[in-house]
1. Right, E150: acidic (D, E), within 19 Å of the chain's Cα centre (by Cα), within 16 Å of ligand 1 (Cβ to nearest atom) and modelled with pLDDT of 95 or more or not?
2. Among the candidates R119, R133, which residue alone is within 16 Å of ligand 1 (Cβ to nearest atom), crowded, with 16+ Cβ neighbours inside 10 Å and without any contact (Cβ under 8 Å) to a residue 24 or more places away in the chain?
3. Can you tell me which of (1) surrounded by 16 or more Cβ atoms within 10 Å (Cβ to Cβ); (2) part of a helix (DSSP H, G or I); (3) small (G, A, S) is the one A302 doesn't meet?
4. Where residues in segment 256-276 are part of a strand (DSSP E or B) and not charged (D, E, K, R), which of them is most open to solvent (accessible area, probe 1.4 Å)?
5. When you check A326 against the structure, is it out of contact with any His (no Cβ under 6 Å at 6 or more places or on another chain), touching a residue at least 24 places away in the same chain (Cβ under 8 Å) and buried (at least 16 other Cβ atoms within 10 Å of the Cβ), yes or no?
6. Could you go through segment 176-183 and let me know if any residue there is buried (at least 24 other Cβ atoms within 10 Å of the Cβ), at pLDDT 95 or above and either in a strand (DSSP E or B) or in contact with a Pro (Cβ under 9 Å, 6 or more places away or on another chain) (or both).
7. Do you know which of the residues in segment 79-116 that are over 28 Å from A326 (Cα atoms) and within 16 Å of ligand 1 (Cβ to nearest atom) is surrounded by the most Cβ atoms within 10 Å (Cβ to Cβ)?
8. Is it true that some residue in segment 77-85 is more than 25 Å from F196 (Cβ to Cβ), touching a strand residue (DSSP E or B) at 6+ places or on another chain (Cβ under 7 Å), part of a strand (DSSP E or B) and at pLDDT 95 or above?
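The values are calculated or read from the model by the stated rules, or taken from the named source; none is laboratory data. Treat the numbers as computed from the prediction; the structure is a model and nothing was measured. When we count neighbours, we look across all protein chains shown, and the Cβ atoms used for this are built from the backbone with ideal geometry, even at glycine. We work out accessible area using only protein heavy atoms, side chains counted, and drop any ligands, DNA or RNA first. Shrake-Rupley method; radii C 1.70, N 1.55, O 1.52, S 1.80 Å.
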Amino acid sequence: MCRLEGPVRDRSTLHTMPLRMLAWAVDHPGPVDGDPLARVEKPVPEPTGAQVRVRVRVCGVCRTDLHLAEGDLAPRRFGVTPGHEIVGTVDALGPEVSRWRVGDRIGVPWLAHTCGVCRFCTSGRENLCLDPRFTGWDVDGGYAEFALVEESYAYALPDTFDDVEAAPLLCAGIIGYRALLRANLPEHGRLGIYGFGGSAHITAQIALARGARVHVMTRSTEAQALALELGATSAGDAAASPPEPLDAAILFAPVGSLVPPALSALDRGGTLAIAGIHLSDVPALDYQRHLFEERTLLSVTANTRHDGEAFLSEAARIGVRVSAVAYPMDAADAALRDLRHDRVNGAAVLVA
Ligand SMILES: [Zn+2]
Ligand SMILES: [Zn+2]
């Protein structure tokens with residue numbers, strides 16, 4: 001379904017009519033099988049200030065897009081275009097841009113803007129900024145032909161990754177990397193990974209390259225096979241007990257009922273990091289079994305630009321393999337349905 005949105009001009013102003021583009025918009029958040037997204041026309045955005053415009057080549061499909069489409073995350077703006085793993089070519093520059101040139105390949109991530117002056121921004125924790133903006137939530141994202149980004153929030157992308165491989169790095173990769181840092185995995189430690197999709201399969205490779213033993217718990221047998229192929233020590237069902245106690249664990253599946261078994265799987269002093277922006281309710285915990293002996297339970301919230309730069313350079317250095325399933329941009333709704341129903345092994349991406 002296609003409908004018009006944006007300024008309507010009469011014939012006398014036809015010469016100022018902005019060029020229009022096709023985009024997906026969150027139309028009526030709800031179950032993904034009820035088509036919550038609509039294909040719409042929007043004006044091609046014009047960069048101002050320090051913004052650059054990219055022509056979208058590939059946009060990754062992140063679980064956060066699914067939470068937004070299904071209404072788990074309240075939309076911050078009606079009709080916002082989702083998508084925050086954008087690989088594109090710079091095609092127009094705002095007047096204050098100095099970092100990029102037309103033709104550069106850049107990545108546009110989740111973090112679109114931070115205030116720069118709050119107590120978190122000024123203490124190296126811009127991921128906790130009090131007044132942030134996010135791509136594909138506050139500002140239009142990459143399920144479209146064009147998108148805008150403030151120049152200092154875009155990333156240069158290592159040449160070792162093609163467009164399809166690079167897209168999932170921009171959120172799935174970076175968030176997983178921050179989750180790994182937060183999980184406090186010791187050198188050559190034992191890491192548990194709960195859920196094994198776009199983010200987890202990249203994070204597992206970082207941990208393995210650092211010498212960790214990685215145990216993967218996921219209900220998908222295809223994902224278990226991918227985990228073993230990438231070098232995981234074991235792969236079992238979603239709530240299975242790993243074969244050895246864990247120094248650290250990361251919960252990627254948005255499933256609160258996995259928190260107790262993941263905490264039980266920790267060794268004394270271990271840490272469980274929850275990587276997602278949304279989690280179903282966590283059941284009651286038993287203090288003795290789940291938290292005593294200095295087990296730590298913590299969350300991961302967005303990322304700093306420093307996390308992003310550090311991750312992209314490490315991913316390029318160790319040669320992370322990205323398992324991506326490509327869909328045409330026209331099939332964003334089908335990609336979200338497949339993600340919802342665990343039919344994507346690795347990361348889904350939309351190709352323009
Ligand atoms: Zn701030
Ligand atoms: Zn994301």
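1. Numbers: acidic (D, E): yes; within 19 Å of the chain's Cα centre (by Cα): yes; within 16 Å of ligand 1 (Cβ to nearest atom): yes; modelled with pLDDT of 95 or more: yes.
Criteria met by E150.
2. Details: R119 fails: crowded, with 16+ Cβ neighbours inside 10 Å.
The unique qualifying residue is R133.
3. Condition not satisfied by A302: (2).
4. Applying the first criterion (part of a strand (DSSP E or B)) to segment 256-276 yields 266-274.
Those still in the list that are not charged (D, E, K, R) too: 266, 269-274.
Values: L266: 6, G269: 48, G270: 1, T271: 10, L272: 0, A273: 0, I274: 23 Å².
The selected residue is G269.
5. Details: out of contact with any His (no Cβ under 6 Å at 6 or more places or on another chain): yes; touching a residue at least 24 places away in the same chain (Cβ under 8 Å): yes; buried (at least 16 other Cβ atoms within 10 Å of the Cβ): no.
When the stated conditions are applied, A326 does not pass them.
6. The answer is no, given that none of the residues of segment 176-183 is buried (at least 24 other Cβ atoms within 10 Å of the Cβ), at pLDDT 95 or above and either in a strand (DSSP E or B) or in contact with a Pro (Cβ under 9 Å, 6 or more places away or on another chain) (or both).
7. T114
8. The initial filter retains those residues of segment 77-85 that are more than 25 Å from F196 (Cβ to Cβ), namely 77-81.
Adding the requirement that they be touching a strand residue (DSSP E or B) at 6+ places or on another chain (Cβ under 7 Å) leaves 79-81.
Within this subset, residues satisfying the condition of being part of a strand (DSSP E or B) are none.
The answer is no, given that none of the residues of segment 77-85 is more than 25 Å from F196 (Cβ to Cβ), touching a strand residue (DSSP E or B) at 6+ places or on another chain (Cβ under 7 Å), part of a strand (DSSP E or B) and at pLDDT 95 or above.
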